[in-house]
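To start, the structure under review is shown below, and the notes come after it.
The values are calculated or read from the model by the stated rules, or taken from the named source; none is laboratory data. What you see is a predicted model, and the numbers here were worked out from it, not measured in a lab. Glycine also receives a Cβ, built like all others from the backbone with ideal geometry; neighbour counts cover every protein chain displayed. Surface accessibility is based on the protein's heavy atoms, side chains included, excluding ligands, DNA and RNA. Shrake-Rupley method; radii C 1.70, N 1.55, O 1.52, S 1.80 Å.
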Amino acid sequence: MKRFIVLLALFLFLSTGCTTFSGPYYLNSQKYKEGIKAFSEKLQENPGDADYAYYVSRYYMALKKPKEAQPYILKAVRIAPDNVEYLFWSGVNYWALKQYSKERTAYRRVLELDPNHISANLYLAHSYLEEGKLVEASILYDKVIKLDEYNPEALYNRADILGRQGKKEEAVKAWKKYLEYYPDGALAMSGTEKLNLLGDFTYRNFIFGTRNLTLRSITFKPGQSDSDFESKNSLHVIAAMMEENKDLRFHIVAYVAGNAELAKARAIGVRDYILSGHPDFDPARMPLSWFGSAEEVERSGRTFKLDESIQFITVIN
């Protein structure tokens with residue numbers, strides 16, 4: 001009897017759950033053409049199955065063929081008009097076809113059914129942002145952040161909107177939050193530039209060899225030459241690059257307005273900290289310079305004076 005129940009359960013799973021099992025398989029394995037062939041055949045046999053139509057549309061979308069995908073995603077929505085995933089992907093499809101009004105209508109319908117659908121809130125916010133509706137977009141980005149605290153797109157765009165609205169203090173706080181979570185990549189570099197333009201240099205972009213890198217600025221307690229705890233991670237990143245690239249050489253340049261001796265001590269302190277974890281490094285790879293004046297930083301035609309800073313400049317061989 002137990003064997004019969006197990007076999008019956010297996011049969012029901014295979015007959016009703018195979019789409020759930022195999023649909024994501026073709027997406028995850030990037031076998032989109034194979035998926036289209038397999039699910040198109042299944043759709044012909046079962047024309048009323050919304051899942052088959054949905055996955056065919058997803059495979060076409062993955063192949064960047066939104067026009068071919070549209071009949072299938074609309075068919076899925078017609079069959080199951082309250083399925084939020086079908087509705088959401090119909091919105092994505094409309095976006096790909098530049099049918100923006102229909103895109104927003106699809107997302108709003110999703111949110112009527114599921115107000116906390118993260119992707120629909122996020123993509124509707126993106127649509128508002130592209131349309132220049134900053135207030136509407138920011139409200140939705142705030143909602144996404146409440147639902148998903150670390151959502152990178154919402155954090156980035158929310159900070160950008162605050163800057164565009166002239167809310168400097170809020171924008172600085174938002175950019176620093178984004179960069180704390182996501183300090184790497186092109187968006188981090190862009191966010192850092194926007195942060196610097198607001199007059200905050202907590203993070204800076206540097207060039208090491210052929211790499212562009214965002215780092216938390218090296219800072220010190222007042223009057224001291226030992227970098228503070230929050231700066232140490234940046235120095236570890238630099239040391240790792242030196243370990244990876246044996247030819248990497250760069251100047252460590254320290255600025256302290258009105259105190260050249262402290263600037264010298266800080267340059268030495270930064271180099272010594274890197275060497276302390278890597279005694280095999282040649283100190284000549286990190287020549288030192290120091291100035292008893294502020295560093296002048298040019299950003300988009302503006303000049304900012306940093307009374308205390310550490311700069312890294314690649315040595316070109």
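Structure data summary
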quantity	calculated
Boolean, Thr210 is open to solvent by 30 Å² or more (accessible area, probe 1.4 Å) and modelled with pLDDT under 95	yes
Residue check for Tyr86: in a helix (DSSP H, G or I) and under 18 Å from Gly35 (Cβ atoms)	yes
Qualifying residue in the range 175-194 (condition: part of a helix (DSSP H, G or I), open to solvent by less than 20 Å² (accessible area, probe 1.4 Å), free of Cβ contacts under 8 Å to residues at least 60 places away in the same chain and within 23 Å of Val84 (Cα to Cα))	no
Selection within the range 36-62 - within 16 Å of Tyr25 (Cβ to Cβ) and open to solvent by 50 Å² or more (accessible area, probe 1.4 Å)	Lys37, Glu41, Lys42
Unique residue being of a type outside the set (A, V, I, L, M), in contact (Cβ under 8 Å) with a residue 60 or more places away in the chain and crowded, with 16+ Cβ neighbours inside 10 Å when the list is Arg249, Arg299	Arg249
Considering residues of the range 80-98 that are without any contact (Cβ under 8 Å) to a residue 24 or more places away in the chain and surrounded by fewer than 17 Cβ atoms within 10 Å (Cβ to Cβ) only, the residue nearest to Leu129 (Cα to Cα)	Lys98
Neighbours by Cβ (under 8 Å, 6+ apart or cross-chain): first from the range 201-220, under 23 Å from Ala263 (Cα atoms) and of a type in the set (Ser, Thr, Tyr); second open to solvent by 60 Å² or more (accessible area, probe 1.4 Å) and in a loop (DSSP other than H, G, I, E, B)	Thr214/Asp184
From Ala254, Ala263, residue being in contact with a Lys or Arg (Cβ under 6 Å, 6 or more places away or on another chain), free of Cβ contacts under 8 Å to residues at least 60 places away in the same chain, within 17 Å of Leu306 (Cβ to Cβ) and open to solvent by less than 40 Å² (accessible area, probe 1.4 Å)	Ala254
Odd one out for Asp228, checked against (1) open to solvent by 70 Å² or more (accessible area, probe 1.4 Å); (2) at pLDDT below 95	(1)
Residues of the range 148-172 satisfying the condition of being open to solvent by 60 Å² or more (accessible area, probe 1.4 Å) and of a type in the set (Lys, Arg)	Arg164, Lys167, Lys168
